[in-house]
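*Asks:* There's a structure below that I have some questions on.
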Amino acid sequence: MARITASVYTSHIPAIGAALDLGKTHEPYWQPVFQGYESSRQWLKDNRPDVIFLVYNDHATAFSLDMIPTFAIGTAAEFKPADEGWGARPVPTVIGHPELASHIAQSVIQQDFDLTIVNKMDVDHGLTVPLSLLCGQPQAWPCPVIPFAVNVVQYPVPSGQRCFNLGQAIRKAVESYDEPLNVQIWGTGGMSHQLQGPRAGLINKAFDNAFLDQLIADPAALAKKPHIDYVREAGSEGIELVMWLIARGAMADVAGGKPPRVAHRFYHVPASNTAVGHLILENP
Ligand code: DHB
Ligand code: FE
């Protein structure tokens, strides 16, 4: 059977992708950010998954305001890096895993979560920046990736509780796949940030660190946090953090297993308009 071995959480700030693509990682502003991921790049080499299930949000790139799926699973054989207005990032095409993705769609929909099945889409910084942070600049990404897009851009967006429950359904789906695959689930976006309006530039270190603490120790309680708390405390784009609850819900302890091991934790301000948060949890 396939197994979820670890979960990875990280911000997806587009300027990080640009810093990497333009060779600026050693500039004083960016150096501390990339240094915070150095051990994670080694960790990923040492704990190479067969498949990454990557929970992210599309920023009106593949899905315009014409059509807004709440949860969308990428079942295609490949996904091209999107042109977000200044040309596609010079990063590898994402190779999918249509068989596992289709199995997860079947299983999760049978568990009463309505997913949109996406057989063709480009992937934006929400997906490619986390891969860059953990993989650097390879010729090809280290393994197939299943993109899982969550609407956190246009209200109504799903609750933290629904995301947490969905993670548990994804775990069941993976564990019922009849091939011994090592699967990692990544939750991306966040941390506190607001990109527009009078509060643009908002960062809340106390909120972010409390979120990380609770994500590790008591995710079931964290799942009860209402939208309004994210928006008030973490800014309008801080709502991206509900996606971390999908990954956390897929961990073993939520299904009665042992608590995860914290392999790495990192927090840094500033990076563009956002606080950078990053966590790696391993299943025992
Ligand atoms: C920034 C952060 C985001 O999450 C995003 O999608 C776009 C921009 C920023 O910090 O600049
Ligand atoms: Fe974003």
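*Asks:* Specify the residue that is nearest to ligand 2 (Cβ to nearest atom); the eligible residues are those in the range 44-80 that are of a type in the set (G, A, S) and in contact (Cβ under 8 Å) with a residue 60 or more places away in the chain.
*Replies:* Within the range 44-80, the match that is nearest to ligand 2 (Cβ to nearest atom) is A60.
*Asks:* Here's something else I'd like to know. Which of the residues that make up the range 163-195 are touching a Ser or Thr at 6+ places or on another chain (Cβ under 8 Å), closer than 12 Å to A255 by Cβ and open to solvent by 60 Å² or more (accessible area, probe 1.4 Å)?
*Replies:* K172
*Asks:* Further question on the same structure: Only one of (1) in contact with a helix residue (DSSP H, G or I) (Cβ under 8 Å, 6 or more places away or on another chain); (2) within 29 Å of A77 (Cβ to Cβ); (3) open to solvent by 10 Å² or more (accessible area, probe 1.4 Å); (4) not polar (S, T, N, Q) fails for K120. Which number is that?
*Replies:* Here K120 meets the rest and fails (1).
*Asks:* I'd like the full set of residues that are part of a loop (DSSP other than H, G, I, E, B) and touching a Ser or Thr at 6+ places or on another chain (Cβ under 9 Å), limited to the range 74-84.
*Replies:* Answer for the range 74-84, where residues must be part of a loop (DSSP other than H, G, I, E, B) and touching a Ser or Thr at 6+ places or on another chain (Cβ under 9 Å): T75, K80, A82, E84.
*Asks:* Next up: Condition check: surrounded by 17 or more Cβ atoms within 10 Å (Cβ to Cβ) and within 16 Å of ligand 2 (Cβ to nearest atom). Does Y37 satisfy that?
*Replies:* Taking the combined requirement at face value, the residue does not satisfy it.
*Asks:* Only one of (1) open to solvent by less than 20 Å² (accessible area, probe 1.4 Å); (2) in contact with a helix residue (DSSP H, G or I) (Cβ under 8 Å, 6 or more places away or on another chain); (3) under 14 Å from W186 (Cα atoms) is not met by E240, so which one is it?
*Replies:* Status for E240: all satisfied but (2).
*Asks:* Given the condition among the charged types (D, E, K, R) and not in a loop (DSSP other than H, G, I, E, B), answer yes or no: does some residue in the range 55-71 qualify?
*Replies:* So far as the range 55-71 goes, no, none of its residues is among the charged types (D, E, K, R) and not in a loop (DSSP other than H, G, I, E, B).
*Asks:* Within the range 219-233, identify whether any single residue is within 28 Å of K45 (Cβ to Cβ) and hydroxyl-bearing (S, T, Y), and answer yes or no.
*Replies:* There is no residue in the range 219-233 that is within 28 Å of K45 (Cβ to Cβ) and hydroxyl-bearing (S, T, Y).
*Asks:* For the range 191-198, state whether one or more residues are without any contact (Cβ under 8 Å) to a residue 40 or more places away in the chain, more than 19 Å from the chain's Cα centre (by Cα) and in a loop (DSSP other than H, G, I, E, B).
*Replies:* yes
*Asks:* Follow-up. Could you list all residues from the range 99-117 that are open to solvent by less than 40 Å² (accessible area, probe 1.4 Å) and closer than 21 Å to T70 by Cβ?
*Replies:* Once the filter is applied, which keeps residues that are open to solvent by less than 40 Å² (accessible area, probe 1.4 Å) and closer than 21 Å to T70 by Cβ, the range 99-117 yields A101, I104, A105, S107, V108, F113, L115.
Quick grid of which residues meet (1) of a type in the set (G, A, S); (2) part of a helix (DSSP H, G or I); (3) away from ligand 2 (no atom under 16 Å from the Cβ):
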| position | (1), (2), (3) |
| --- | --- |
| H103 | no, yes, yes |
| G126 | yes, yes, no |
| L131 | no, yes, no |
| C143 | no, no, yes |
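The values are calculated or read from the model by the stated rules, or taken from the named source; none is laboratory data. None of these values were measured; they are calculated from a predicted model. Cβ coordinates were reconstructed from backbone atoms using ideal geometry, including for glycine residues, and neighbour counts include every protein chain displayed. Protein only, heavy atoms only, side chains kept; ligands, DNA and RNA dropped before computing areas. Shrake-Rupley method; radii C 1.70, N 1.55, O 1.52, S 1.80 Å.
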